[in-house]
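Trainee: Following this message is one structure expressed as structure tokens.
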Amino acid sequence: MCPTHSCAVFLQLACCCGSAACSLCCGCCPKIKQSTSTRFMYTLFFMLVTVTCVIMMSPTVETAMQENIPFYTEMCNKLNAGENCSTLVGYSAVYKVCFGMACFFFLFSVFTIRVRTSTGCRAAVHNGFWFFKFVALLACCAGGFFLPNQERFLEVWRYVGAAGGFLFIIIQLMLLVQFAHRWNQNWSSGVKYNKIWYAALALVTLVLFSVAVGALVFMIMFYTDPEACFLNKLFLGVNGGLCFIVSLLAISPCIQTFQPTSGLLQSAIISVYVMYLTFSALASKPIEMVERNGKNVTVCVFPYNSGLQSETNIVTGIGTAILFGCILYSCLISTTKRSSTALQGRWMPPGEDYDDEKTAGGQNVKYDERDGTIYSYCYFHFVFFLGSLYVMMTVTNWFHYENAKIERLLEGSWSVFWIKMASCWVCLFLYMWTLLVPMLFPKRFQA
């Protein structure tokens, strides 16, 4: 075995069983920061458990396992998992697995409170020892199946999950508002150096408002009916009106005095997202039917479904991928120092460059935390704790858990409808608050 290869193997072992930063084995891979490497590994843990939960909620996968795994029934009996491993599937199993994952991240959140330097023993545990942490995660997830009085546990844990899921949604919305402000601020600052940024701002703003108006017209066409769907008409009018109001507020003289960078680009971004949430809410609402010509006719639905099961599976798959993409974005972006300080109403200056460390035969690692941590370890784990609860509630269809299946993730339920509709109003309120707070508290925002 060549020395370079031996060193690379040693470094990977040090990553799994020690405090060394993890990196890929290929030396041609781009440089990676130590902080990024750590967050990637925790994200991998998170996704492994999430995929497991999706499999547990899929009768299709369960049937395929029964048909293709030899001695499946005998294996289930030896594991005392019930007939055909019934205790390892369904919403109760997802609750228990997510309980273990939530406990794992919550314990690490407590463990890393007030960690300010990466040279301490707690920081070393956070950044390394991945094999032992993976074993600990598996033990936590398995431990949920051995809790006493499980009926009472599931009932209490459901409400804990709902509270954590709602808090995670609020973090998602705060990130969106922060993203809108940052985009507008970055492009507005470019105007000082090149006037073409004016054209770019105007073009993007026009495109976004066109998308928002087009989405509103689309929903009026397909999700309203002269004889039914009163809630659809009401909320389309309310949300469309609120988007118009915040757009006017963003360019009003009183707001511009205290926040000169405020403009239509932010309100356009918020309007597009509110229209997306409104569409998602209306699509998640239980179907309505009216009697016409002696027949019950389904109204206020988009006629994409041609009756093919494959088409439904494709739509569900795309929706699930978008959902988990948003979850990962919220978990990772909200834990950067720039985002966490922005959520507190402060701004972080541009970062500095860091020294590289060459890992023989593998990827370069930039040790960017030698002078101190660049993000809050405690907050990082807490966001993943909330993300675990959000995954649990979403995969089990929130409060309609008993008949939940992953194949029916996009089917209608009132709980999902109200959660998404409330998210629209929270998003608009947060954006409106960021516009008004500099005017209400000018001393806090003075340079």
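Trainee: Every residue in segment 189-231 that is among the polar types (S, T, N, Q) and touching a helix residue (DSSP H, G or I) at 6+ places or on another chain (Cβ under 6 Å), please.
Mentor: 205, 224
Trainee: Does any residue in segment 375-399 that is modelled with pLDDT under 85 come within less than 6 Å, Cβ to Cβ, of a residue that is among the polar types (S, T, N, Q) and part of a loop (DSSP other than H, G, I, E, B) six or more places away or on a different chain, and which pairs are these?
Mentor: 375/335; 375/336; 397/413
Trainee: Would you be able to say whether some residue in segment 190-199 is in contact with a strand residue (DSSP E or B) (Cβ under 7 Å, 6 or more places away or on another chain) and in the same structural domain as residue 282 (by the TED database)?
Mentor: Narrowing segment 190-199 to residues in contact with a strand residue (DSSP E or B) (Cβ under 7 Å, 6 or more places away or on another chain): none.
Scanning segment 190-199 turns up no residue that is in contact with a strand residue (DSSP E or B) (Cβ under 7 Å, 6 or more places away or on another chain) and in the same structural domain as residue 282 (by the TED database).
Trainee: Which residue is modelled with the lowest pLDDT, if the candidates are limited to segment 215-256 and must be open to solvent by 30 Å² or more (accessible area, probe 1.4 Å) and of a type in the set (D, E, K, R)?
Mentor: My answer is 227.
Trainee: Let me ask something additional. In a loop (DSSP other than H, G, I, E, B) and under 30 Å from residue 271 (Cα atoms) - does that describe any residue in segment 170-192?
Mentor: Looking through segment 170-192, at least one residue is in a loop (DSSP other than H, G, I, E, B) and under 30 Å from residue 271 (Cα atoms).
Trainee: Can you name the number of the only condition in (1) open to solvent by less than 50 Å² (accessible area, probe 1.4 Å); (2) not assigned by the TED database to the domain that holds residue 420 that residue 212 fails?
Mentor: (2)
Trainee: On the given criteria, is residue 147 within 25 Å of residue 394 (Cα to Cα), touching a Leu at 6+ places or on another chain (Cβ under 7 Å) and either among the charged types (D, E, K, R) or surrounded by fewer than 19 Cβ atoms within 10 Å (Cβ to Cβ) (or both)?
Mentor: For residue 147, the condition - within 25 Å of residue 394 (Cα to Cα), touching a Leu at 6+ places or on another chain (Cβ under 7 Å) and either among the charged types (D, E, K, R) or surrounded by fewer than 19 Cβ atoms within 10 Å (Cβ to Cβ) (or both) - is not met.
Trainee: In the list 135, 125, which residue meets the criterion of being within 27 Å of residue 373 (Cα to Cα), crowded, with 16+ Cβ neighbours inside 10 Å and either in contact with a Ser or Thr (Cβ under 6 Å, 6 or more places away or on another chain) or not assigned by the TED database to the domain that holds residue 423 (or both)? Don't jump to the end; show me each part of the working.
Mentor: On the way: 135 fails: crowded, with 16+ Cβ neighbours inside 10 Å.
Every option except 125 fails the conditions.
The values are calculated or read from the model by the stated rules, or taken from the named source; none is laboratory data. On a predicted model such as this, the values are computed, not experimentally measured, just so you know. When we count neighbours, we look across all protein chains shown, and the Cβ atoms used for this are built from the backbone with ideal geometry, even at glycine. What goes into the accessible areas is simple: the full protein's heavy atoms, side chains included, and nothing from ligands, DNA or RNA. Shrake-Rupley method; radii C 1.70, N 1.55, O 1.52, S 1.80 Å.
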